[in-house]
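Below: one structure, written as structure tokens.
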Amino acid sequence: MNADLLFELGCEELPPAPLQAMAGELGQRLTDGLSELGIDTGEARIFATPRRLAVLIRDVADRQPDRDIERRGPATKAPEKAVAGFARSCGVDVDALDTIETDKGPYYVFRGQETGQPLADILPPLIVESIRKLTTPKRMRWGSLEEGFLRPVQWMVCLHGHTIIPVELFGLTADRLTSAHRFHAPEPIALEQAGDYETTLFDHQVIAAFEERRKIVAQQVKRTAERAGGIAQMDPDLVDEVTALVEWPVALSGQIDERFMAMPPEVLITTIESHQRYFPVRDADGQLLPRFVTVANVESLDIRQVVLGNERVVRPRLEDALFFWEKDRKQSLAQFGERLDKVTFQKGLGSYADKTRRLEALTASLAEALGADANTATRAATLAKADLVTDMVFEFTELEGIVGGYYAHASGESDAVAAAIAEQYQPRGPSDEIPATAAGRVLALADKFDTLAGQFALGNRPTGDRDPLGLRRAALGVLRILLEAEQSLDLQAAVAAALSQQPVTGETESGDALLSFFADRLRGLLADHGIGPDVFEAVTALQLHDPLEIQRRSQAVLAFQGSAAANSLAAAHKRVRNILKKNGEDAAAVDIRLFEADAERSLHETMSRLADQVTTLVTQGDYAAALTQLATLQGPVDQFFEDVMVMAEEAAVRSNRLRLLTQLDGLLRQIADFSHLSN
């Protein structure tokens, strides 16, 4: 008989970060496991709260279906003992065996039916295995148990319809008793049947479904902020975290003392969001208001006391921040910078003062290459790391750079210098914006180049999924800045400059390894925009080192790919490259007097006509127009390979034709190596 199946694992409060992933994985393991066991099921619902992980699977059969089985045994001419042994292993007499014909002759075969096992027998081992294999942060043990879990397990429920399936784990035996809200409904609740789970918990102040609870959190925060006269700033990650901390969300608004509003909004937001998990509130113009929204896990009879409690909790954090803000500004940012020689950047790479000197040199060369103001960029580099020794950044490390920008303003530095300091770590992640100012982009590039060069010189390179130093993020940051700001830069020269500044010589191939590292990141970045690996290889085969040029060429080739001309030229270029690889390139001038076929003359004339046009268009960066010109080669090239035998018997004619193909290869490779393109 089919019925709903419920499994619930009740725990002490689980940490919010892994909650959703754990619940999803548990549901996947159980549904996949039942499917592998041949159990028919309906849809699955996943539940996750701070105190529970649960899976409800609809319409689950109460046993495996019987199934026909067939086992092949020995050949019919095998010894009697072997045949009798096979029959005995199947639980039948030899007379009950059938025979089948195979390409090796007749064989005995047993055909029978295997009776399906009850769900109550096969489900407990599946649940135990799923829990043991569940991906979690470090597990803990409690009491005298050998088994561990993320937090101590307090109860388990396992019901198939009305029937208890007594799973045994963590010294507990599953039954029908669940726990609802810790304060609103502290007594255990007996579930009549599995399908009652969600509604029963809701009736006892628990919204078990994560997504349902998340919607309610977002709606309540939005409405509460509006009632407070503003608009809630809802970071999606914070909404997820708050949802994972409450079972019965109740949004409330609180007040921030006006004196704290003198601090930068980033300080207030960091304190409110990161340290207290409150939601900041802004006005219609985006200005921060002295209000916040918090989400409680209880409906209090005295809401005012709950609000006062939250205001009281956040106040000391804001007091500390205000103290640091006022104290730090009693000296200039440059004075803080004087202390950097006592702060180690990394063993082998010197102090932060050493890093600052490297940044000054790099920003000077990068500013020249990118057309930015060198004085602004190098001044920003001089002060870039000074805020690391301030009390504010010591307490709020995530505000490094941002605090430096404010302190630069307070110290009388120009707006451009202050903005560059504030932008130096951008983009901090895939969703973050690149620096908005030219000096900010130069400083951010210099910082990332220095970090990458230093780590590669030390031999610290990412392996597999591990990248504790964030080098992939740094490389992607460099590429995003150059591509999104549409700025050309020779990566080879920039990497060489960065490596030359490092205090360690490093491995001789560090530069090549770092360029290869950038190429891998660029390949992935362009793939996200539809540029396939064959197009990327076709362009990078030219040994280009400017990411913007590679992107623009790739976009032009991608648009060209698939046309009749592209397919023809790709096939021809493959043939040309193979011939030249086997016989060698010949860059000498073509002698038109040695032409024997009209197809040779036609190809040479077309190439001669196109050469200057294509070169000019490539120099101008108009790759699409250059490809349009190259498309006119299709007819002459096809005719050449149809009418002309390149490897002619006469040496002079053969050499002349190889020179013609060398010129054709050079003309095509002004854009890309078309031999890499897939048709």
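Read-outs throughout are calculated quantities, based only on the coordinates presented, and are distinct from any laboratory measurement. Not measured: the values here are computed from a predicted model. Neighbour counts run over all protein chains shown; Cβ positions are idealised from the backbone, glycine included.
Here is how the numbers come out for the structure above:
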item: The stretch 471-576: C-alpha gyration tensor shape, a/c 1.5 cut-off, then a/b vs b/c; result: prolate
item: Nearest-20 debye value, the chain charge dipole, Cβ charges on Lys, Arg, Asp, Glu; result: 1100 debye
item: Student exercise, the stretch 217-351 dipole from Lys, Arg, Asp, Glu Cβ charges, in Debye to nearest 20; result: 340 debye
item: Residues in the stretch 411-435 reached by a label modelled at ASP528 [backbone nitrogen below 16 Å; 7 Å Cα→Cβ]; result: 426-435
item: Mean separation of Cα contacts under 8 Å (6+ apart) over length of the stretch 306-388, as relative contact order %; result: 28 percent
item: Calculated P(r) tail over 19 Å for the stretch 617-679, as whole % of Cα pairs; result: 41 percent
item: Members of LYS327/LYS355; LYS138/LYS385; LYS385/LYS448; LYS138/LYS448; LYS138/LYS215 lying beyond 24 Å, as alpha-carbon distances in this model show; result: LYS327/LYS355; LYS138/LYS385; LYS138/LYS448; LYS138/LYS215
item: Residue-count net charge about LEU677 - beta-carbon cut-off 9 Å; Lys, Arg +1, Asp, Glu -1; result: -2
item: Anisotropy class of the chain from Cα gyration tensor, a/c 1.5 cut; result: oblate
item: Relative contact order computed over the chain (Cα-Cα under 8 Å; 6+ residues apart), in percent; result: 7 percent
item: Contour minus Cα-Cα distance for GLU585 and GLU368 (0.36 nm per residue); result: 74.3 nm
item: Principal semi-axes in Å for the stretch 402-505 [√(5λ), Cα gyration tensor, largest first]; result: 25, 15, 14
item: At R0 = 41 Å, FRET efficiency that the Cβ-Cβ distance of LYS133 and SER488 yields, to 0.05; result: 0.20
item: For the stretch 507-569: relative contact order, % (alpha-carbon pairs under 8 angstrom, 6 or more apart); result: 24 percent
item: Computed label-point distance, nm, for sites MET647 and ASP121 using a 7 Å Cα→Cβ extension; result: 7.2 nm
item: Inter-label distance for VAL313 and ALA624, nm, one decimal - labels placed 7 Å from Cα along Cα-to-Cβ; result: 5.6 nm
item: Residue-count net charge about SER365 - beta-carbon cut-off 13 Å; Lys, Arg +1, Asp, Glu -1; result: -3
item: Residue-count net charge about GLU537 - beta-carbon cut-off 11 Å; Lys, Arg +1, Asp, Glu -1; result: -1
item: Cα extents of the stretch 133-280 along the three principal axes, largest first (Å); result: 60, 33, 24
item: Given charges at Cβ of Lys, Arg, Asp, Glu: the chain dipole, positive-most of ALA497, ALA611, LEU126; result: ALA497
item: Separation of the GLN219 and VAL298 label points, Cα + 7 Å toward Cβ, nm; result: 2.5 nm
item: SER274/ASP59 FRET efficiency (R0 56 Å; Cβ-Cβ; nearest 0.05); result: 0.80
item: Unit charges on C-beta of K, R, D, E only; dipole of the stretch 567-636, Debye; result: 340 debye
